Each structure stands twice: as C-alpha cells, then as structure tokens.
Amino acid sequence: MTDSITIVDNRTGESREIPIENGGVAASEWQKLLPGIWFYDPGFTSTAECSSSITYLDGDNGVLRYRGYPIEQLAEKSNYLEVSYLLINGDLPTSAQFSEWEHEITHHTFIHENMRKRFLEGFHYDAHPMGILVSAVAALSTFYLDAKDIFNEESRSKQVIRLIAKMPTLAAAAHRFSVGMPFVYPDNNLKFAANFLSMMWKTGEFRLEPDPVLTRALDLLFILHADHEQNCSTTAMRVVGSSHADPYSACAAACAALYGPRHGGANEAVIRMLTSIGSIDNVDAFVKEVKEGHGRLQGFGHRVYKNYDPRAKIIKRAADDVFKITGKNPLLDVALKLEEVALNDEYFISRKLYPNVDFYSGLIYQAMGFPLEMFPVLFAIPRTSGWLAHWLEMLGQDAKIARPRQLYIGTEPRDYIAMEERK
Ligand code: ACO
C-alpha cells in the first residue's frame, strides 16, 4: 500500500497520483491536473491552511499538546508565562531564560499615557470591554511604528513582549472604564496573573495581594486558553498577518474574531443559558427544546473535538478549588445536571457533542467576580501568545498572502440599464 491518492479527470481520462504527507494532500498537485477546479469547503472544515509545529490536537481522542507537551502536564506543573515562552520559542525555558522572559514581560506592562487618558476615555460610558480591547490593540500599532518592520527579528521580539505584557493592562483598563472606576497602574512586584487581578479589583488599598488560590486558578485558565491551533481567531491572525500587516493590527483582527458568540463569547452564552434554565427541574424541558431545533446547548460541541474536551476536564476539577474560596456558583448544579442529561441522550451521543472548554470556565469567572462582558477579554489575554506564535511561524514559513477562491453562482453577464428605464 502506498501513502497516496490518485485522482482521475473523467472528462479526459487523465490521472495524477498525489502523495499523502503529514496527513494531507497538496492542493497545488491537484491544480496540476485540474486547473480552475476549486475545492469547495465553506468554513474550511476539510482544509489545512498551513503546516504548524505549535499545537497538536486529536479531536477524536481528546488529546491536546503544546509543542509536544500534554496539556494535563502543563496545567499541573507549569505557569502561563512559561507556557507563553514555550509557544513562542518552541522549547521550555531554562531558569535563566525564564527569568529574563518574566522580567521583560513584567517591564512592558505599562501603556502610553495617551492611550489611557485620551484614547480609552473617548469611549461611550457603557462600551463593551471587548469592543474597547479590539480597538485598543489596533491603536497600539500607532504607538509603536517600529512594529511595521516585521522582517527585523529584534523588532518582532519586542512587539511580542509588548503585546503579551500589555494585554492584561488593556483588559483591566477596559473593565475599569466600563464601570466608571479609575485606572490602576501595573504593579511590577506581582506575577502576571496576580498583577492582572490587582489592576482589575484594586480600590483604596495601598497594594492588593490577590488570593493565591484564585490567582493560580486564573493562571491555569490562561494556560488552557493559550493556543488551540487553527481556530477562527488564530486563522484571522494568520490571514491578516499574511498581508504583512503589523502584529498589532493582525492581533486586533484576531481579537475581533474572538468577540463572536460562536468562539470567545461562548462561555458568556453558557452563563446566560444556565441562568435562563434557572433550576435543575427545568433541564429536561430545555434539552427537549434544543433537540427540537430551538437553539443550541451552549458550551457543547466543537468543530474538532468529537470527545470530551481535555481542557473542560481540567477546568471542572479547578472549579472545586475556586468555589472553596468564593462559595459555590449557584449555577453549578444546573450545569452538572445539564451535562449528565446531555451525555446520556442519543441526540448528543450520536452527534458526538461533549462539553467544551467554555462549559465550565464561565462559572469560575463569574464566581471570581468577573462580569459576563469580560469573558471574551479574559480569553484574549492568554490567546495572544498563541496568536503571536502562529504569526511568527507564518512569517518564518514565508507564507503566501491568504487569498482563497470562490465558486461564482451569480447572474450571467448583463448590460447596465439607466435608472429611469429600470422596472
Ligand atoms: N447544541 C445542540 N446541537 C448541536 C450543538 C449544540 N451545542 N452543536 C452542534 N449541534 C448539532 C447541529 O445542530 C448539527 O446537527 P444536525 O446534524 O442534525 O444538523 C450537528 O450537531 C453538527 O453541528 P455543526 O454546526 O455542523 O458543527 P460545527 O462543527 O460546525 O460547530 C460549534 C461547532 C460551532 C462549536 C457548535 O458545536 C456550537 O455552536 N456549539 C455551541 C457554541 C459553543 O460552545 N462554542 C464554543 C466552541 S469552543 C471555542 O471556541 C473556544
């Protein structure tokens, strides 16, 4: 048996053998036999847009690895900044490398005063924090003109550090602004997640020392959200980056993709759904409605996972630690019941619909006091590392500009008719 496929053009009888490499066949080979005949693949459900050595995902078996390391081991033993180093650089850092990385990130957390005073204060008082974040990330490109120099390695590294470092500052600023609270400057003596919590919640105290259990839980959520190969936002990052736009502009596009309820907004939708169900007594009726085609079970199903999302398992365990500190989220019982009913229901079993990462993450965020509007923002903070790792990889591969084809299904050619003659 050879690892190849043979395609035959039945119109001419001509054929071509195409090798199967790394689990794929090259569309460029297909084109040699069938120029002008395109793969029709809306939503890219069957298309590999690139080759990548960052994240391995086996959706049938529920496996996720960053740079070869199982997500379970990273979740248990690592921290978000170490994981971000791993994603960006390909290997875990030595202790000296990690110290330098942590120092660099910590010392780039401040944002330009104009950004705070003029830009952020220009938003309407009830602006959605994710809308603010999308715009603020794009605006960063106007502060760092050197970011356009994307083929300069030193400049690239600088923007990577800046983006990872400034995301929590912008995220917290977006929240503080939307609730009318004054901006809190970063505290360079705090670690990454603790610093973010301090910028979120600090009020009158001289210094806020966030609870270590909550800090660890947030750091864990950051690890789990750091990358997930070619999802919608990462694809947006690669597509915009392929035009050689600066990384802030590409990252803003990725943030915008994450804003949607089918992607980064899903855990917000989960909480709204659980709230509307209200009690475990209403779960059966709700599931019946979903099966009848009225809405979806939010936090269930995944384009790639046709098994329990490994991140959901880890989060479910972490929730217990958080609830010991915050008190149990009253929606947890509804979530557990919903999961139990769905996992035993033929509709969900036959379609391989299991809880995804968002099913439980929202419960933790809500118990920690984050408003629903902040959920996609919390996702964007760590995913920035993944986006940047893909951006760097894409540039290193000298990728072509993303420019798919379409199958034209519009009208045949017709002549322009003057307006007064139109019926
Ligand atoms: N509830 C009920 N039915 C569902 C759900 C769901 N959550 N998800 C999929 N289905 C059904 C569809 O109705 C369809 O049924 P059919 O074959 O009878 O028509 C079948 O399962 C396949 O669904 P698709 O939409 O083709 O699956 P796709 O891979 O395109 O969608 C998606 C994946 C968007 C995640 C989907 O499962 C969904 O909408 N889930 C809810 C939203 C959510 O949790 N999103 C977070 C994803 S994880 C992330 O972005 C971090």
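The values are calculated or read from the model by the stated rules, or taken from the named source; none is laboratory data. No experiment lies behind these values; they were computed from the predicted model shown. Cβ: placed from backbone, ideal geometry, glycine included. Neighbour counts: every protein chain shown. What goes into the accessible areas is simple: the full protein's heavy atoms, side chains included, and nothing from ligands, DNA or RNA. Shrake-Rupley method; radii C 1.70, N 1.55, O 1.52, S 1.80 Å.
Amide H contacts of SER4 (H built 1.01 Å from N, in plane; Pro and chain starts excluded): ILE20 sit under 5 Å, all sequence-distant by 5 or more or on other chains. Fully extending the segment from ASN152 to ARG422, taken as 0.36 nm per residue of separation minus the present Cα-Cα distance, adds 91.6 nm. Each residue of region 259-270 is assigned a 3J(HN,Hα), and the resulting list reads 5, x, x, 7, 10, x, x, 5, 6, 5, 5, 4 Hz, derived from the Karplus form 6.51 cos²θ - 1.76 cosθ + 1.60 (θ = phi - 60°), x at Gly and Pro. Each of SER78, SER28 has its accessible area taken with a 1.4 Å probe; listed largest first, they run SER28, SER78.
Counting only protein heavy atoms and a 1.4 Å probe, the chain has 51 square angstrom of accessible area per residue.
Seen against the Cα atoms of the chain and their longest principal axis, helix 375-396 is set at about 50 degrees.
Taking a ≥ b ≥ c as the square roots of the eigenvalues of the alpha carbon gyration tensor, region 1-70 is prolate, as a/c is not under 1.5 and a/b beats b/c.
Starting from the Cα of GLU121, step 7 Å along the direction of its Cβ; do the same at VAL179; then give the gap between the two resulting points in nm. Taking the two extended label points, one gets 2.1 nm. Against the chain, whose longest principal axis comes from its Cα atoms, helix 153-178 is set at around 60 degrees. Shown in residue order for region 221-229 are the 3J(HN,Hα) couplings computed by the Karplus curve 6.51 cos²θ - 1.76 cosθ + 1.60 at θ = phi - 60°: 4, 4, 4, 5, 9, 5, 7, 7, 6 Hz (x for Gly and Pro). Modelled label positions at ILE37 and LYS324, each set 7 Å beyond Cα in the direction of Cβ, lie 6.2 nm from each other. For a paramagnetic label modelled at 7 Å from the Cα of GLU14 toward its Cβ, which residues of region 387-414 fall within the zone defined by backbone nitrogen distances under 12 Å? Within reach of a label on GLU14: no residues. All Cα-Cα separations within region 266-367 were binned at 5 Å from zero, giving a P(r) of 2, 14, 25, 27, 20, 9, 3, 1, each value a whole percent of the pairs. Counting only DSSP beta bridges whose two residues both lie in the chain, roughly 100 percent are antiparallel.
Report the paramagnetic label zone for VAL213: residues of region 65-80 whose backbone N is under 13 Å from a point 7 Å from Cα along the Cα-to-Cβ axis. Once the point is set 7 Å along Cα→Cβ of VAL213, nothing inside region 65-80 turns out to lie under 13 Å by backbone N. Against the chain, whose longest principal axis comes from its Cα atoms, helix 358-367 is set at around 20 degrees. Modelled spin-label separation between ARG317 and PHE206, with each label point placed 7 Å from Cα along the Cα-to-Cβ direction: 4.0 nm. The three principal axes of the C-alpha atoms in the chain carry coordinate ranges of 78, 66, 58 Å, sorted with the longest axis first. Would region 306-346 count as rounded, prolate or oblate if I go by the C-alpha gyration tensor, calling it rounded below 1.5 in a/c and otherwise prolate when a/b exceeds b/c, oblate otherwise? Cα axes put region 306-346 in the oblate bin.
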